[in-house]
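Here the structure comes first, spelled out in structure tokens, and everything after it is commentary.
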Amino acid sequence: MATTTPYRIVIAGGGTAGWMAAAALIRFLGQGFAVTLVESDAIGTVGVGEATIPQIGMFNASLGIDEDAFVAATRASYKLAIEFVGWTRGGRYMHAFGDVGRDNGLLAFRHTWLRGMAEGVAAPLCAYALNNVAALGNRMQRGPTRTVRVLPEMPYAFHLDAGLYARFLRDYAEARGVVRHEGRIEAVTRNGADGDVAALHLDSDRRIEGDLFLDCTGFHARLIGEAMGVGYQDWSHWLPCDRALAVPSARARDFTPYTRATAHDAGWQWRIPLQHRTGNGIVYASRYLSDDEAAARLLAGLDEPALGDPRPIRFRTGRREQAWAGNVIALGLSSGFLEPLESTSIHMIQSAVERILKLLPGRRAPAPLRDSYNRQAAHESERIRDFLILHYWANDRDAPFWRERRETPVPHGLAEKIALWRETGEILREDGDLFSDVAWLQVLVGQGITARGHHPLADQPPRAQIAEYLDLLAKLNAREVAQMPPHSDFVRAHGAADAEIAA
Ligand SMILES: Cc1cc2nc3c(=O)[nH]c(=O)nc-3n(C[C@H](O)[C@H](O)[C@H](O)COP(=O)(O)OP(=O)(O)OC[C@H]3O[C@@H](n4cnc5c(N)ncnc54)[C@H](O)[C@@H]3O)c2cc1C
């Protein structure tokens, strides 16, 4: 950097988004950068966001964080999958991380499985997903499998205490030089010339100037929304849930290495087991369910006593028209919100941080850089949106909320994806898609959308050979899982913080 004046990055907000950004920026930007974070204890954080996807492991590793220390500090448990209960009438299935079956050269496993199903020699899809078999057996392991050439390692994520994760990252960031200011942002000054943000004004009369501002103020969107006036693209006609109630309950005896998402008449309920408690919440559409009914349903669905009163949260699904405007980039809830069904929000913070680091502007941001960032951010959230809509659209439940979901036309890209699968058993993953073809496969099959065709190559082997191959894969999975330790033993050995679980 040519100048000696430090490049000042100001982060407004200290929830998961603010502290993830602070930790990563201070880790990857060297001398010449000053990172400041402003947060208000009086305002607090949204206080949810406890289920993650495996990419978070890479984020932590890139910061040099020891995984067991992170698990202990955030009272985390391991997560292999999400179990969906009742999304189709009475049914349950898992969207497990990792692979399903084994591809045969060019031929994706799903075609072999579809042929096996047509021949009556295939087991349900879940038998071929190592993560699924392990999750159902409450088992956990990390590292190579015994049959490493056939079964890859199990990818895993975490259930974590969001407040403790932010605290953990705060300690990390402050130890490396991030300066934190406590206080409420009362006003934001913009330059007359270009409209960029010049400074934040705190209730303590402090003024914080910067070159680049990251809006991590959550649903308040204090900078991107209020100060910059960037609009919000509303997706609630596709994803109409607009409220949640969250409540912790006593630690579950059934300490599962997966999140559970149970559908109800007007939305769904989550269950996230941590070492010291279970996180629960109900997500619902207020047009179809009152707050009182939602609270009663949430409390009735707990498997242990509640540890407090349900806490209400309101939201609107959608995304900011531009995540980056002027010299403000929105991360986390200020940039938009897709409901938490596939635990994608924390990941979207992570990918935004990566994008910011890659496309970090000079003191003046050229428009093409901003446009490119905004295009990538929009693409990412639209693809995730479509995946979420699939869960709602492909239902056969008998309630007004669910009927309306079935009858609402889906976005064009999703309609094409479903048609392709139905006709050919094919699933295409495009550049920038977060979810793999295997993730789509599990949800398409789980939600009861059947494929009429499969790849002609899958018709080549004789029926008996297909049967033998599928049988072998299922047996290998079962054998591998049989020697894995129970999830609670695994946590005891790798990151137990709690006396109860460490005992
Ligand atoms: C019901 C629900 C369930 C969710 N579940 C999941 C999940 O399972 N997995 C997942 O990945 N994500 C989940 N999320 C999303 C996840 O909670 C968020 O992505 C994550 O917590 C990041 O939030 P944030 O940091 O953007 O905002 P917040 O946590 O709200 O933090 C905002 C920060 O800004 C500060 N602030 C705001 N206004 C001002 C001001 N004027 N002055 C100073 N400071 C200010 C606040 O004090 C706070 O520090 C869920 C969200 C909801 C609503």
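Only the coordinates and a few stated rules stand behind these numbers; no lab work does. Treat the numbers as computed from the prediction; the structure is a model and nothing was measured. FYI the Cβ positions are ideal-geometry reconstructions off the backbone, even for glycines, and counts take in every protein chain you see.
At-a-glance table
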| read-out | value |
| --- | --- |
| Sites R8 and R167, calculated FRET efficiency, Cβ-Cβ separation with R0 30 Å, nearest 0.05 | 0.75 |
| Normalised alpha carbon radius of gyration of region 172-286 [divisor 2.2 N^0.38 Å] | 1.52 |
| Footprinting exposure proxy for R429, R222, R243 (fewest neighbouring C-beta atoms within 10 Å first) | R429, R243, R222 |
| Tilt relative to the chain, helix 109-119 - C-alpha long axis, 0 to 90 degrees, to 10 | 30 degrees |
| Ranked list, fewest to most other Cβ atoms within 10 Å of each Cβ, for C216, C241, C126 | C126, C241, C216 |
| Selected from Q55, A173, C126, residue furthest toward positive end of dipole (region 51-202; charges at beta carbon) | C126 |
| Cα long-axis angle, helix 412-424 against the chain (0 to 90 degrees, to the nearest 10) | 20 degrees |
| Length gained when the stretch A193-T424 is fully extended (0.36 nm per residue, less Cα-Cα span) | 77.5 nm |
| Potential lengthening between D103 and R176 on full extension [0.36 nm per residue; Cα-Cα distance subtracted] | 21.8 nm |
| Sequence of H95, H455 once ranked by neighbouring C-beta atoms within 10 Å, starting from the fewest | H455, H95 |
| The chain, helix-only ellipticity at 222 nm - DSSP H runs n ≥ 4, -39,500 (n - 2.57), divided by all residues, nearest 500 | -10500 deg cm²/dmol |
| Fully extended contour minus Cα-Cα distance, from A295 to H494, at 0.36 nm per residue | 68.1 nm |
| Label zone at D303, where the point sits 7 Å out along the Cα-to-Cβ direction: region 69-106 residues whose backbone N lies under 12 Å | 83 |
| Where a label projected 7 Å from the Cα of D431 along Cα→Cβ would reach, residues of region 369-404 with amide N under 14 Å | 372-373, 375-377, 379-380 |
| Whole-Å distance, taken between Cα centres, linking region 241-258 and region 1-36 | 34 Å |
| Residue among G308, A76, S286 farthest towards the positive dipole end of the chain, charges placed on Cβ | A76 |
| Cα-projected label distance for R314 with F219, points at 7 Å along beta-carbon direction, nm | 0.7 nm |
| Considering only the chain, percent of DSSP beta bridges that pair antiparallel, nearest 5 | 70 percent |
| The chain, relative contact order in percent, only Cα pairs under 8 angstrom and at least six apart counted | 23 percent |
| Dipole magnitude of the chain about its Cα centre (Cβ charges: Lys, Arg +1; Asp, Glu -1), debye to nearest 20 | 420 debye |
| Convex hull volume per residue in cubic angstrom - Cα atoms of region 318-396 | 78 Å³ |
